[in-house]
1. Would you compute, for the Cα atoms of the chain, the largest minus smallest coordinate along each principal axis and list the three values in descending order, in whole Å?
2. Bin all alpha-carbon pair distances of the stretch 149-211 at 10 Å intervals from 0 and give each bin's fraction as a whole percent.
3. Ordered by packing density, taken as the mean number of other Cβ atoms within 10 Å over each peptide's residues, highest first, how do 54-62, 155-163, 206-214 rank?
4. Which of the cysteines in the chain are isolated, no other cysteine C-beta under 4.7 Å?
5. Determine, from the Cβ-Cβ distance of K144 and N226 and an R0 of 41 Å, the FRET efficiency 1/(1 + (r/R0)^6), rounded to the nearest 0.05.
6. Count the lysine pairs in the stretch 19-175 whose Cα atoms lie under 26 Å apart, taking only pairs 8 or more positions apart in sequence or on different chains.
7. Take every DSSP beta bridge whose two residues both sit in the stretch 5-164, then give the antiparallel share in percent to the nearest 5.
8. Quick check: Cα centre of the stretch 88-109 to Cα centre of the stretch 196-226, how many Å?
Amino acid sequence: PGTYRPYDLGQEMGVWVNNSDGVTPAAGKAWPPGESVYPDYTNPRTAEWWTQMCVEFKDVLDYDGIWIDMNEPSNFGRGQNPGCADNEINNPPYIPKISDRSLAQMTLCPDSKTYLGDHYNTHSLFGWSETKPTFDAVQQATGKRAFVLSRSTFVGSGKHGGHWLGDNYSQWKDLRRSIVGILEFNLFGIPYIGADICGFNYNTSYELCLRWMQLGSFYPFSRNHN
């Protein structure tokens with residue numbers, strides 16, 4: 001507190017996803033040192049806070065667009081600190097075959113509270129609910145048509161932003177799969193879509209990267225991210 005304006009203003013405006021008590025901000029772990037809190041973009045006040053932050057940041061860095069990442073939301077652990085309570089929301093009778101067999105794995109506890117209700121019901125909308133406020137904020141900050149790229153999306157996200165297919169690998173099979181993924185996302189209503197050309201993980205080869213650059217010239221969103 002008192003050292004990072006986005007946090008201080010967000011705390012003042014009450015824009016965070018909260019723990020199950022509906023009051024205490026959910027604190028997890030992401031890339032920055034220390035704990036991270038999570039803006040609740042289903043809350044109208046969060047759009048006000050986010051717009052103000054984007055406009056102020058334009059004075060620091062003259063950007064043209066914003067890439068919003070880690071917005072599943074991502075958390076480097078199983079639920080926020082100090083962990084998830086043992087209840088039916090966090091541990092429902094049926095759990096899909098996912099990593100660690102926990103709905104909180106690498107994200108927040110399902111019983112966390114958002115403006116629209118339990119995180120259990122709004123988790124898949126986190127990236128979607130962030131994309132439109134970001135689009136509006138970038139347009140206000142730049143005075144131009146906004147460019148927004150989001151890692152997490154939902155049906156309809158394509159109205160306000162683009163997407164890429166995530167952290168792929170420098171392998172021929174990932175080059176091939178990118179064609180399928182891009183066609184699928186067009187069906188989902190997200191036409192501005194691409195893959196990390198040459199692969200994100202592992203070292204690429206000359207031949208693979210050459211062929212991937214050729215294929216990538218046909219991606220709607222074309223970016224080498226090796």
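Coordinate-derived values only; no laboratory data. What you see is a predicted model; the values in this text were computed from it and never measured. Ideal geometry is used to build each Cβ from the backbone, glycine not excepted, and the neighbour counts take in all protein chains shown.
1. Taking the Cα atoms of the chain, the three principal extents are 54, 47, 33 Å.
2. Binned Cα distances yield the sequence 24, 48, 24, 5.
3. Sorting 54-62, 155-163, 206-214 by mean packing, highest first, produces 155-163, 206-214, 54-62.
4. C54
5. 0.90
6. Taking the stretch 19-175 as the scope, the lysine pair count is 12.
7. 55 percent
8. Here the answer is 34 Å between Cα centres.
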